[in-house]
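Peer 1: Sharing a structure here in structure tokens format.
The values are calculated or read from the model by the stated rules, or taken from the named source; none is laboratory data. These numbers come from a predicted model, not from an experiment. Please note: Cβ atoms are built from the backbone with ideal geometry, for glycine as well, and neighbour counts cover all protein chains shown. These area figures cover heavy atoms from the full protein model, side chains too; ligands, DNA and RNA do not enter into them. Shrake-Rupley method; radii C 1.70, N 1.55, O 1.52, S 1.80 Å.
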Amino acid sequence: MRIRLCLFLLWAVSSLTLPSEAQNPNEFKILKGKIPIEVIPDTAQWRFPEVRKGTIFLYNENALPALLNYNFLYNEMQFIGQEGDTLSPAADARIKEVTIGNIIS
């Protein structure tokens, strides 16, 4: 009887502590010839569901208001330009810091 109880307890503890096998929602399979931005849903590509008001701070102490969002595919902050294009300020050496609310990049 004690052996069965010990075996049951070992089984119960091991089943609680072992990692479960589940699909990772942050992993996407991109088949050959497919374009990632067409396969990965917008909710997984962007930090926020919409662009947000933020500020781009330059080394010359100027601050520029901008509509910003963080792009996980490019691993960088992006903003909406005056003509509605999505642009990446990370390539500009004049940029010191980019913020969206209290989030700093």
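Peer 1: In region 26-55, what count of residues is obtained for those that are in a strand (DSSP E or B) and either at pLDDT below 90 or open to solvent by 100 Å² or more (accessible area, probe 1.4 Å) (or both)?
Peer 2: Adding up the residues that qualify gives 1.
Peer 1: Of the numbered conditions (1) exposed (fewer than 14 other Cβ atoms within 10 Å of the Cβ); (2) within 15 Å of the chain's Cα centre (by Cα), Tyr59 fails exactly one; give the number of that condition.
Peer 2: Just one mismatch for Tyr59, condition (2).
Peer 1: While we're looking at this one, here's another question. Just checking, how many residues over region 89-105 are farther than 16 Å from Thr55 by Cβ and either β-branched (Val, Ile, Thr) or within 16 Å of the chain's Cα centre (by Cα) (or both)?
Peer 2: 0
Peer 1: If you don't mind, another one. Mind listing just one residue for me: the one in region 85-104 that is under 11 Å from Phe57 (Cα atoms) and not β-branched (Val, Ile, Thr) and, of those, most open to solvent (accessible area, probe 1.4 Å)? Walk me through how you get there before you give the answer.
Peer 2: Taking region 85-104 first, the residues under 11 Å from Phe57 (Cα atoms) are 89, 94-99, 104.
Okay, now just the ones that are also not β-branched (Val, Ile, Thr), so 89, 94, 96-97.
On the way: Pro89: 8, Arg94: 154, Lys96: 116, Glu97: 63 Å².
Ranking the qualifying residues of region 85-104, first place goes to Arg94.
Peer 1: Looking at Pro65 and the list (1) open to solvent by 80 Å² or more (accessible area, probe 1.4 Å); (2) within 21 Å of Ile37 (Cα to Cα); (3) touching a residue at least 12 places away in the same chain (Cβ under 8 Å), which single condition is not satisfied?
Peer 2: Unmet for Pro65, out of (1) open to solvent by 80 Å² or more (accessible area, probe 1.4 Å); (2) within 21 Å of Ile37 (Cα to Cα); (3) touching a residue at least 12 places away in the same chain (Cβ under 8 Å): (2).
Peer 1: On to the next question. Give the residue that is surrounded by the fewest Cβ atoms within 10 Å (Cβ to Cβ), with candidates limited to residues of region 73-84 that are of a type outside the set (S, T, N, Q) and either touching a strand residue (DSSP E or B) at 6+ places or on another chain (Cβ under 7 Å) or under 23 Å from Thr43 (Cβ atoms) (or both).
Peer 2: Ranking the qualifying residues of region 73-84, first place goes to Gly84.
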